[in-house]
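Chemist: Here you go, one structure.
The values are calculated or read from the model by the stated rules, or taken from the named source; none is laboratory data. Bear in mind the structure is a predicted one, so any value in this text is a computation, not a measurement. We place every Cβ from the backbone using ideal geometry, glycine too, and count neighbours over all the protein chains shown.
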Amino acid sequence: MTIAPLAGNALPPPRAGVLDAQAALAAIVQGRLSTKQLDRVSYSRDMWPLAMVWLRQGRVPPPPDAVIWPGTDDEVAKVIRLARERRLAVIPFGAGSGVCGGTVALHGGLSLDLKRFDGIGQIDPTRRCVDVGAGVMGETLERRLEARGWTLGHFPSSIAMSTVGGWLAARSAGQLSTRYGKIEDMVLSVRGVLGTGERFETPERPFDGPDLSQLLIGSEGTLCAFTGVRLRVHPRAEARVFRAFDVPSVERGLELIRRVLREGLRPAVVRLYDPFDTVLVGRQKPASAHRSPSRRSGFEATVLPGLLKTLASQTLGRPKLLNPLAQLAKKSRLVFMFEGEAKHADAEDRAAAAACLSMGGHDLGEGPAREWFHKRYDVNFRLPRLMESGTFVDTMEVSASWDVVQDVYERVRAAASSYALVLCHFSHAYAEGCSLYFSFVGSAPSEEAIEERYQALWRSALSAATSAGANVSHHHGIGLLKARAYQDSLGEGRHALATLKRLFDPDGIMNPGKLGL
C-alpha cells in the first residue's frame, strides 16, 4: 500500500465530517476531544522505523482528524456508533509502541485513545486471575502483581511503553513465552466494542463452542476496540537459574533447543544468537550509560550526530562489505533461564546442561545469561540514538516450524545482506518451532536513498522468509508493513477474514488498511 507522508508545515485541517460531528463527539466524552495540530501529529504514527525516517525528514504520516479519550465502555460504544453514522474512521490507540504502522490514519478520522481504561482489579487467588483495563501500561501491571506476590509472566521488550490492549491487538509475546505462552494463552475472557457499536464480553474459559476472543485477539483494531480483559496469573517464581553456553554453530544450537524441549523441559528464556550477533552481545553498554537528550553536552547534541551520520553512510551504507565478516565468526551463544520452585528450576537447569555438554556446548556459567537479563530492555534506548545518526534500524520477527528454521535463516540473510547489516537471534521456542528475530541496520548517501533501500530490504527479506515456509509475524503484528504478505499467506482463508470484517465492522470504519482489510 502506498502512503504519502505530509510535510510537517502542511498538515491539512480536520475533515469536514469530523468538524460537523465534533460537538456531538465531545458531548459523549465530556469534552475529552482535540483537533489541535500537535495532538494530531503525535497520534499520526507508532514506532514504525519508516515513519521515524519521515519525521527526520520533516514529514509525517497521514494524521487523524481528531483525538478522543473515552473512559467507559458505553462512551466507546457511543463514539463508534456515531462514527458509523458519519462514516468516520476509528483507529484504536494504546501507547503507540508498535513497529508496523498499525496506527497510521490512512483516511483520517478519530484516534481512539484507550488509556483511561486503567483499572487493575483484585487478584482472585483461587481462580488465579485478575481483571485489567485495556489502557493499563505493561510495567505498571507487572509491578502491581509482583507487589502482591504474583506475575503475569508477560515481559515484552516494550513493557514500559505498551498497553494491555495493545498486547491483545497484536498477539504480543514476552521474553518468557516458552514457559508462560503468548498473550492469547493468558486470556480467560475479553470485553470491548465491535465496529457495529455493540458491546461484547466473551465467555470465560473453559467453555464449549468456538472461542470468540481468539478471533478478536490479533485483529489490530480492525474488528473491535478492546476495553478490558481477564488474565490468568501465576505465583511469583521462587527461584531463577541462569546458564549460558557457546555452541559450535547455529545449526547445532537449534538442535540443542529442540532436544531440550523434546525432553519436556520448559525454560522461561531460551535465546540463541547467530555468530555475528554473538560477537556484539558482550559489547553492550549498561542502561546507565544512556542519557536523555536534555542532559547531553553541546558536542553530543550538535557535533556528534553529524559525525555519526557521515560514518554511518561510509560503513553501514556498504553492507556487502560488512556482512561477509560474519563468516569469520563461528560460535553461537545460547542463553537459558529456568524459573519456578527452586528444586524444579535446578533440576531443569542440570538436565539442559547435560544435553548441551553432550552435543559439544561449552559451559560459560551463569554470568552471560544474568548479564542478558539485566540488560534485556536496553535496546529500546539505543535505537533512537542510532536513528539520529542518519541510519535506519529495524527488526523483522517471523516464526517457523523446526524443519524449515535453518532454511529461513539462511535465505533471509542472503536476501537482506545487500541492503543492511544483518543479525539474528532465535527465541520464543516451542515444541513446534520458534521465532527468528532479525535485526537490520543500514544507511545510504541521502534520505531519499535511505527510504528506497529500506523499502527494498523489506520486500526482499519478507519474501525470502515466506518462500522458505515462515509465517509473516510472531508478535510484532501486521499493521501496514506486512499487510500484503499477510493476505497472501492466508490463501483461501482471506475470504473468511473478509467475512468476519463485514459482520463485525459492516461499514469498514475500524482501522482501515491494517491486516490488508
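Chemist: I'd like to check which helices (runs of 4 or more DSSP H) are fully inside the range 1-102 and have at least 3 residues that are crowded, with 19+ Cβ neighbours inside 10 Å.
Modeler: Details: elements: 16-28, 37-42, 49-56, 73-86.
Helices (runs of 4 or more DSSP H) meeting the threshold: 16-28, 49-56, 73-86.
Condition check ((1) within 25 Å of Val260 (Cα to Cα); (2) touching a residue at least 40 places away in the same chain (Cβ under 8 Å)) across all residues:
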{"position": "Arg199", "(1), (2)": "no, yes"}
{"position": "Phe207", "(1), (2)": "no, no"}
{"position": "Asp211", "(1), (2)": "no, no"}
{"position": "Thr222", "(1), (2)": "no, yes"}
{"position": "Gly228", "(1), (2)": "no, yes"}
{"position": "Leu231", "(1), (2)": "no, yes"}
{"position": "Val241", "(1), (2)": "yes, yes"}
{"position": "Asp246", "(1), (2)": "yes, yes"}
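Chemist: Considering the range 112-142 alone, what residues qualify as being under 19 Å from the mean Cα position of the chain (by Cα) and over 14 Å from Arg230 (Cα atoms)?
Modeler: Taking the range 112-142 first, the residues under 19 Å from the mean Cα position of the chain (by Cα) are 113-115, 134-142.
Within the range 112-142, Asp113, Leu114, Lys115, Met137, Gly138, Glu139, Thr140, Glu142 qualify.
Chemist: Among the residues of the range 431-450, is any in contact with an Asp or Glu (Cβ under 6 Å, 6 or more places away or on another chain), over 19 Å from Cys100 (Cα atoms) and in the same structural domain as Phe276 (by TED's automatic domain parsing)?
Modeler: no
Chemist: Determine, yes or no, whether Val260 is at pLDDT 95 or above and touching a Cys at 6+ places or on another chain (Cβ under 7 Å). Explain how you work it out, then say what you get.
Modeler: Working: at pLDDT 95 or above: yes; touching a Cys at 6+ places or on another chain (Cβ under 7 Å): no.
The answer is no for Val260.
Chemist: I'd like the full set of residues that are under 21 Å from the mean Cα position of the chain (by Cα) and part of a helix (DSSP H, G or I), limited to the range 438-457.
Modeler: Within the range 438-457, Tyr454, Gln455, Leu457 qualify.
Chemist: Is it true that some residue in the range 379-389 is of a type outside the set (Lys, Arg), under 24 Å from Thr178 (Cα atoms) and modelled with pLDDT under 90? Outline the logic, then answer.
Modeler: Here is the first cut: in the range 379-389, the ones of a type outside the set (Lys, Arg) are 379-381, 383-384, 386-389.
Imposing the further condition that a residue be under 24 Å from Thr178 (Cα atoms) reduces the set to 379-380.
Right, trim to modelled with pLDDT under 90 and you get 379-380.
Yes, the range 379-389 contains at least one residue that is of a type outside the set (Lys, Arg), under 24 Å from Thr178 (Cα atoms) and modelled with pLDDT under 90.
Chemist: Pairs, please: C-beta under 9 Å, at least 6 apart or cross-chain, first residue more than 16 Å from Ser34 (Cα to Cα) and in the range 61-82, second assigned to a loop (DSSP other than H, G, I, E, B) and hydroxyl-bearing (Ser, Thr, Tyr)?
Modeler: Pro61/Ser44; Pro61/Thr103; Pro62/Ser44; Ile80/Thr196; Arg81/Thr196
Chemist: Hey, another quick one. Identify all residues within the range 47-60 that are in contact (Cβ under 8 Å) with a residue 60 or more places away in the chain and either among the hydroxyl-bearing types (Ser, Thr, Tyr) or out of contact with any strand residue (DSSP E or B) (no Cβ under 7 Å at 6 or more places or on another chain) (or both); write none if there are none.
Modeler: Trp48, Leu50, Met52, Arg56, Gln57
Chemist: When residues of the range 111-156 are filtered for being of a type in the set (Gly, Ala, Ser) and surrounded by 15 or more Cβ atoms within 10 Å (Cβ to Cβ), how many remain?
Modeler: Narrowing the range 111-156 to residues of a type in the set (Gly, Ala, Ser): 111, 119, 121, 133-135, 138, 147, 149, 153.
Going one step further and asking which of them are surrounded by 15 or more Cβ atoms within 10 Å (Cβ to Cβ), we end up with 111, 133-135, 138, 153.
The total comes to 6.
Chemist: How many residues are closer than 22 Å to Tyr180 by Cβ and part of a helix (DSSP H, G or I) if we restrict to the range 255-283?
Modeler: Going through the range 255-283 one residue at a time, the tally reaches 7.
Chemist: Specify the residue that is farthest from Gly153 (Cα to Cα); the eligible residues are those in the range 334-376 that are assigned to a loop (DSSP other than H, G, I, E, B) and among the acidic types (Asp, Glu).
Modeler: Kept after step one, since they are assigned to a loop (DSSP other than H, G, I, E, B), are these residues of the range 334-376: 341, 359-361, 366, 375-376.
Imposing the further condition that a residue be among the acidic types (Asp, Glu) reduces the set to 341, 366.
Numbers: Glu341: 15, Glu366: 21 Å.
By that ranking, first place goes to Glu366.
Chemist: The conditions are (1) touching a strand residue (DSSP E or B) at 6+ places or on another chain (Cβ under 7 Å); (2) surrounded by fewer than 15 Cβ atoms within 10 Å (Cβ to Cβ); (3) assigned to a helix (DSSP H, G or I), and Val408 fails exactly one of them. Which is it?
Modeler: (2)
Chemist: Here are some residues: Thr466, Thr499. Which one is at pLDDT 95 or above, under 30 Å from Val270 (Cα atoms) and surrounded by fewer than 22 Cβ atoms within 10 Å (Cβ to Cβ)? Steps first, please.
Modeler: Numbers: Thr499 fails: under 30 Å from Val270 (Cα atoms).
The unique qualifying residue is Thr466.
Chemist: I've got another one for you. Against the conditions (1) crowded, with 17+ Cβ neighbours inside 10 Å; (2) aliphatic (A, V, I, L, M); (3) without any contact (Cβ under 8 Å) to a residue 40 or more places away in the chain, where does Ala461 fall short? Just the number, please.
Modeler: (3)
Chemist: Quick check on Gly166: is it within 21 Å of Thr222 (Cβ to Cβ), buried (at least 22 other Cβ atoms within 10 Å of the Cβ) and modelled with pLDDT of 95 or more?
Modeler: On the way: within 21 Å of Thr222 (Cβ to Cβ): yes; buried (at least 22 other Cβ atoms within 10 Å of the Cβ): yes; modelled with pLDDT of 95 or more: yes.
Criteria met by Gly166.
Chemist: Further, regarding this structure: Given Gly218, Gly181, Gly209, which one is closer than 24 Å to Ala429 by Cα and either in contact with a helix residue (DSSP H, G or I) (Cβ under 8 Å, 6 or more places away or on another chain) or modelled with pLDDT under 95 (or both)?
Modeler: Working: Gly181 fails: either in contact with a helix residue (DSSP H, G or I) (Cβ under 8 Å, 6 or more places away or on another chain) or modelled with pLDDT under 95 (or both); Gly209 fails: closer than 24 Å to Ala429 by Cα.
Step by step, each of Gly218, Gly181, Gly209 is checked, and only Gly218 is closer than 24 Å to Ala429 by Cα and either in contact with a helix residue (DSSP H, G or I) (Cβ under 8 Å, 6 or more places away or on another chain) or modelled with pLDDT under 95 (or both).
Chemist: Would you confirm whether any residue within the range 117-128 is within 17 Å of Leu223 (Cα to Cα) and part of a loop (DSSP other than H, G, I, E, B)?
Modeler: Initial filter on the range 117-128 (within 17 Å of Leu223 (Cα to Cα)): none.
The answer is no, given that none of the residues of the range 117-128 is within 17 Å of Leu223 (Cα to Cα) and part of a loop (DSSP other than H, G, I, E, B).
Chemist: Follow-up. I need a count of the residues in the range 428-437 that are in contact (Cβ under 8 Å) with a residue 60 or more places away in the chain and part of a loop (DSSP other than H, G, I, E, B).
Modeler: To start, the set of residues in the range 428-437 that are in contact (Cβ under 8 Å) with a residue 60 or more places away in the chain comprises 428-431, 434-435.
Cutting the leftovers down to part of a loop (DSSP other than H, G, I, E, B) gives us 428-431.
Residues that pass the stated criteria total 4.
Chemist: Give the range 175-220 a look and list any residue that's of a type in the set (S, T, N, Q), closer than 30 Å to Arg370 by Cα and in a loop (DSSP other than H, G, I, E, B), or say none.
Modeler: Gln175
Chemist: Moving to a separate point now. Does Ser177 fit the bill of being under 18 Å from the mean Cα position of the chain (by Cα), of a type outside the set (D, E, K, R) and over 30 Å from Arg502 (Cα atoms)?
Modeler: For Ser177, the condition - under 18 Å from the mean Cα position of the chain (by Cα), of a type outside the set (D, E, K, R) and over 30 Å from Arg502 (Cα atoms) - is met.
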